[in-house]
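*Asks:* This is the structure I want to talk about, given as structure tokens.
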Amino acid sequence: MTDAAKPKLYAYWRTSATYRIRVALALKGLGVEEIEVNLDKGEQYEPAFQAINPQGALPTYVEPGHAPMTQSMAILEYLEERHPEPALLPRDLFERARVRAIAAQMTSDTHPLIVPRVKKYLIGEAGFDDSTWRAWQIRWFTRGLTALEAQLSGDPATGAFCHGETPTIADICLCSITAVARVFKIEVAAIPTIDRIVATCEALDAFAGADPMRQRGAPA
């Protein structure tokens, strides 16, 4: 497939949401042309990208002949429906709900609190300095991961992965948070079930290849 025929993924090396799409694409064996949008330089606010995604958010996924897709969870669901094998959601409805709930804990309850636009507001408008911002990050990473640890460790549906013995969207979303926590040099203690699941995921090429530090533009 030529680059012109490939879907385009507008991305930045460290974003948790972009990590999710990289993993899903790799697990499903799908090619993509990745285009960097440098958040640190404000490229998300430039007219060229605003015309693609007025929200100025990453990732943005564009298939030839279709309007841009935004929001990582919507993109993940699209990829699952468009390319159902290998499956990233269980077949059983109750099991699917469990996987989606775990994913939402990471993507809706934890991730939104530590994104750059929140940092920009807290430092620029709310009087935070760098140390206060770091304490904020540690609080919400820790709270989100320890709550999920309690759920996973006590649930018989937890297997080698968050749900059973194959990776799902839940694992993708969990690892998207732990990968970015490492970028920020934040460690959360006493989460052995999560640590085990993350290690199992990161032994797979799809997860290892999505590591933020292995992406173009990452610091050496």
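*Asks:* Report the calculated FRET efficiency for TRP133 and GLN55 (r = Cβ-Cβ distance, R0 = 30 Å), to the nearest 0.05. The partial results should precede the final answer.
*Replies:* Values: r = 23 Å, r/R0 = 0.76.
Working from the Cβ atoms, E equals 0.85.
*Asks:* Right, here's the next one. Using 7 Å Cα-to-Cβ label points, what is the ALA101/ARG182 separation (nm, one decimal)?
*Replies:* Distance between label points: 2.9 nm.
*Asks:* While we're looking at this one, here's another question. Using 1/(1 + (r/R0)^6) with R0 = 22 angstrom and r between the beta carbons of ALA203 and MET73, what's the FRET efficiency to the nearest 0.05? Don't jump to the answer; show the numbers that get you there.
*Replies:* Numbers: r = 25 Å, r/R0 = 1.13.
Efficiency, from the Cβ-Cβ distance: 0.35.
*Asks:* Under 11 Å from a point placed 7 Å out from the Cα of ASP92 along the Cα-to-Cβ direction: which residues of segment 140-171 have their backbone N that close?
*Replies:* Answer for segment 140-171: 156-158, 164.
*Asks:* How many percent of DSSP beta bridges within the chain run antiparallel, rounded to 5?
*Replies:* So the antiparallel bridges in the chain amount to around 55 percent.
*Asks:* Please sort through the DSSP H helices of the chain and keep those with an alpha-carbon extent of at least 18 Å along the long axis and a Kyte-Doolittle average not below -0.5.
*Replies:* Details: long enough: 130-153 (34 Å, -0.43); 169-183 (21 Å, 1.77).
Span-like helices in the chain: 130-153, 169-183.
Readers should treat all values here as calculations from the given coordinates under stated rules, not as data from a laboratory. The structure displayed is predicted, hence computed values, not measured ones. No Cβ is skipped: glycine too gets one built from the backbone with ideal geometry, and neighbour counts run over all protein chains shown.
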